[in-house]
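A.B. asks: Handing you this structure, nothing more for now.
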Amino acid sequence: MTSSSPDIRAVIAGTGGYLPEEVLDNEAIAARYNLDTSDAWIVERTGIRRRHLAAPGQMASDMAAEAARAALAQAGIDVSEVDAIIVATATPDSAFPSTAARVQAKLGVKKGFAFDISVACTGFVYALSVANAMLKAGQGRCALVIGAEVFSRILDWTDRGTCVLFGDGAGAVVLKAEQGGERGVLSTHLHADGTHGDILNVDEVAGVVRMTGREVFRHAVSKLASVVDEALEANALDKSDVKWLVPHQANRRIIEAMGRKLGLPAEQVVMTVDRHANTSAASIPLALAEATRDGRIQKGDLVLMEAIGGGLTWGAALARF
């Protein structure tokens with residue numbers, strides 16, 4: 001039996017990230033896979049300069065567990081306190097058991113529940129929304145929300161339009177239910193439109209990512225702008241109230257466009273796409289981990305997160321750190 005309280009807030013108590021050891025810059029990726037591309041071409045169109053690639057045999061759960069350990073350590077929370085693990089991933093270890101269950105085992109968590117969410121690049125926002133609702137409903141006091149991806153395993157390395165865009169990695173946050181106060185997740189806003197699923201998907205025959213880049217870009221700009229407005233209006237906030245934009249790291253031009261929409265200077269937009277490439281569901285928590293650990297995001301700051309991914313899916317979340 002669970003009980004809910006309107007005064008409970010899910011507070012982000014810790015963040016953590018993990019990136020594989022191998023780093024491949026644009027020139028190296030072009031040479032390794034004999035691609036007709038260049039560093040200048042990739043940087044101009046995407047802002048990406050390098051990415052991390054998982055080692056042979058390294059799975060999403062391996063990286064997720066490392067990111068989770070870092071988040072728990074920052075939060076000062078022992079694994080015995082974890083009630084739930086939600087992993088957002090489009091590249092799970094296997095169909096089942098879930099990647100989250102494998103993470104549970106690797107961390108030594110002995111209680112609670114674990115499951116995966118698969119909505120591609122919007123996965124972390126969806127997972128954060130679910131975890132927030134569950135904690136507010138009394139279904140636990142502490143949750144790990146993780147984004148983990150091994151996109152290098154589902155790329156067509158002969159397709160320069162997609163393979164240069166993605167990287168591997170994992171990011172995690174610890175959510176802790178706290179009574180009252182102003183800190184915590186304020187609201188989340190989720191959307192999907194399956195009629196556009198064919199512009200960004202995994203080919204059923206080849207098992208690799210296919211994307212119509214121009215169409216994805218067009219939808220990204222309009223849908224992200226709309227959901228950002230929705231999040232601010234739901235909380236009676238103005239764009240000037242936002243201290244940090246932590247967006248999904250897909251493309252520098254999209255990120256910069258969202259920063260301009262909010263009237264934020266570049267230094268208040270957390271950008272990692274140049275070094276991480278697009279790590280799908282891992283990109284927002286990886287960026288959060290970097291910006292909290294280097295001191296940019298401070299206690300009390302209002303942070304806006306937004307993402308769009310295959311489905312199409314898109315969403316936003318507002319949280320006060």
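The values are calculated or read from the model by the stated rules, or taken from the named source; none is laboratory data. Just so we're clear, the structure is a prediction, and the values are computed from it rather than from any experiment. With ideal geometry, Cβ positions are generated from the backbone for all residues, glycine too; neighbour counts draw on all protein chains shown.
A.B. asks: Please specify each residue of segment 47-61 satisfying the condition of being of a type in the set (D, E, K, R) and over 13 Å from Glu21 (Cα atoms).
C.D. replies: Our first condition is that a residue be of a type in the set (D, E, K, R); within segment 47-61, this holds for 49-51.
Residue satisfying the conditions is Arg49 alone.
A.B. asks: Of everything in segment 269-307, what is farther than 28 Å from Ala40 by Cβ, in a loop (DSSP other than H, G, I, E, B) and in contact with a Gly (Cβ under 7 Å, 6 or more places away or on another chain)? Give them in sequence order.
C.D. replies: If the condition is that a residue be farther than 28 Å from Ala40 by Cβ, in a loop (DSSP other than H, G, I, E, B) and in contact with a Gly (Cβ under 7 Å, 6 or more places away or on another chain), then no residue fits.
A.B. asks: With respect to Thr99, determine if the residue is touching a residue at least 60 places away in the same chain (Cβ under 8 Å), β-branched (Val, Ile, Thr) and over 23 Å from Gly76 (Cβ atoms). Give the derivation first.
C.D. replies: On the way: touching a residue at least 60 places away in the same chain (Cβ under 8 Å): no; β-branched (Val, Ile, Thr): yes; over 23 Å from Gly76 (Cβ atoms): yes.
In short, no.
A.B. asks: Could you tell me which residue of segment 51-74 is surrounded by the fewest Cβ atoms within 10 Å (Cβ to Cβ), considering only residues that are of a type in the set (D, E, K, R) and closer than 15 Å to Val87 by Cβ? Before the answer, list the steps.
C.D. replies: To start, the set of residues in segment 51-74 that are of a type in the set (D, E, K, R) comprises 51, 62, 66, 69.
If we keep only those that are closer than 15 Å to Val87 by Cβ too, we end up with 62, 66, 69.
On the way: Asp62: 21, Glu66: 21, Arg69: 17.
Here the answer is Arg69.
A.B. asks: Read through the list (1) buried (at least 18 other Cβ atoms within 10 Å of the Cβ); (2) of a type outside the set (Asp, Glu); (3) assigned to a strand (DSSP E or B), then give the number of the only condition that Ser187 fails.
C.D. replies: (1)
A.B. asks: Can we say Ile77 is β-branched (Val, Ile, Thr) and either at pLDDT below 95 or surrounded by fewer than 21 Cβ atoms within 10 Å (Cβ to Cβ) (or both)?
C.D. replies: Values: β-branched (Val, Ile, Thr): yes; either at pLDDT below 95 or surrounded by fewer than 21 Cβ atoms within 10 Å (Cβ to Cβ) (or both): yes.
The answer is yes for Ile77.
A.B. asks: How many residues are within 9 Å of the chain's Cα centre (by Cα) and farther than 19 Å from Val119 by Cβ when one looks only at segment 274-301?
C.D. replies: Residues flagged as within 9 Å of the chain's Cα centre (by Cα) and farther than 19 Å from Val119 by Cβ within segment 274-301 amount to 0.
A.B. asks: Could you check Val205 against (1) among the β-branched types (Val, Ile, Thr); (2) surrounded by 19 or more Cβ atoms within 10 Å (Cβ to Cβ); (3) not in a helix (DSSP H, G or I) and say which number it fails?
C.D. replies: Going through (1) among the β-branched types (Val, Ile, Thr); (2) surrounded by 19 or more Cβ atoms within 10 Å (Cβ to Cβ); (3) not in a helix (DSSP H, G or I) one by one, Val205 breaks only (2).
A.B. asks: Got a sec? Which of Ser240, Ser222 is out of contact with any Leu (no Cβ under 9 Å at 6 or more places or on another chain) and without any contact (Cβ under 8 Å) to a residue 40 or more places away in the chain?
C.D. replies: Only one candidate qualifies: Ser222.
A.B. asks: Does segment 134-184 hold any residues that are among the charged types (D, E, K, R) and touching a Lys or Arg at 6+ places or on another chain (Cβ under 9 Å), and which are they?
C.D. replies: In the first step, residues of segment 134-184 are kept if they are among the charged types (D, E, K, R); the result is 136, 141, 149, 153, 156, 159-160, 168, 176, 178, 182-183.
Correct list: Lys136, Arg141, Asp156, Asp159, Asp168, Lys176, Glu178, Glu182, Arg183.
A.B. asks: Looking only at segment 246-268, which residues are more than 26 Å from Ile199 (Cα to Cα) and not in a helix (DSSP H, G or I)?
C.D. replies: Scanning segment 246-268 gives Gly263, Leu264, Pro265.
A.B. asks: For Ile154, indicate whether it is among the β-branched types (Val, Ile, Thr), under 24 Å from Leu19 (Cα atoms) and out of contact with any helix residue (DSSP H, G or I) (no Cβ under 6 Å at 6 or more places or on another chain). Give the steps one after another, and end with the answer.
C.D. replies: Details: among the β-branched types (Val, Ile, Thr): yes; under 24 Å from Leu19 (Cα atoms): yes; out of contact with any helix residue (DSSP H, G or I) (no Cβ under 6 Å at 6 or more places or on another chain): yes.
In short, yes.
A.B. asks: Considering each of Ala281, Ala250, Ala266 in turn, give the residue that is on the phi < 0 side of the Ramachandran plot, among the hydrophobic types (A, V, I, L, M, F, W, C) and surrounded by fewer than 19 Cβ atoms within 10 Å (Cβ to Cβ).
C.D. replies: So the residue among Ala281, Ala250, Ala266 that is on the phi < 0 side of the Ramachandran plot, among the hydrophobic types (A, V, I, L, M, F, W, C) and surrounded by fewer than 19 Cβ atoms within 10 Å (Cβ to Cβ) is Ala266.
A.B. asks: While we're looking at this one, here's another question. If you check every pair at least six apart or on different chains, which have Cβ atoms under 7 Å apart with a residue in segment 48-61 that is free of Cβ contacts under 8 Å to residues at least 60 places away in the same chain first and a residue that is assigned to a loop (DSSP other than H, G, I, E, B) and crowded, with 18+ Cβ neighbours inside 10 Å second?
C.D. replies: Sorted first by the residue in segment 48-61, then by its partner, the pairs are Ala55/Pro20.
A.B. asks: Which of the residues that make up segment 82-115 are buried (at least 17 other Cβ atoms within 10 Å of the Cβ) and in a helix (DSSP H, G or I)?
C.D. replies: Those that are buried (at least 17 other Cβ atoms within 10 Å of the Cβ) and in a helix (DSSP H, G or I): Thr99, Ala100, Ala101, Arg102, Val103, Gln104, Leu107.
A.B. asks: May I ask you to list pairs of residues, at least six apart or on different chains, whose Cβ atoms are under 8 Å apart, with the first in segment 277-304 being in contact (Cβ under 8 Å) with a residue 40 or more places away in the chain and the second being of a type in the set (Lys, Arg) and in a loop (DSSP other than H, G, I, E, B)?
C.D. replies: Pairs that qualify, where the first residue is in contact (Cβ under 8 Å) with a residue 40 or more places away in the chain and the partner is of a type in the set (Lys, Arg) and in a loop (DSSP other than H, G, I, E, B), are Ile297/Lys243; Lys299/Arg183; Gly300/Arg183; Asp301/Lys243; Leu302/Lys243; Val303/Lys243.
A.B. asks: Of the residues in segment 203-220, how many are out of contact with any helix residue (DSSP H, G or I) (no Cβ under 6 Å at 6 or more places or on another chain) and not small (Gly, Ala, Ser)?
C.D. replies: 8
A.B. asks: Could you pull out the residue among Asp198, Asp229 that is over 19 Å from the mean Cα position of the chain (by Cα), within 20 Å of Ser129 (Cα to Cα) and part of a helix (DSSP H, G or I)? Break it down into steps so the answer makes sense when it comes.
C.D. replies: On the way: Asp198 fails: within 20 Å of Ser129 (Cα to Cα).
Every option except Asp229 fails the conditions.
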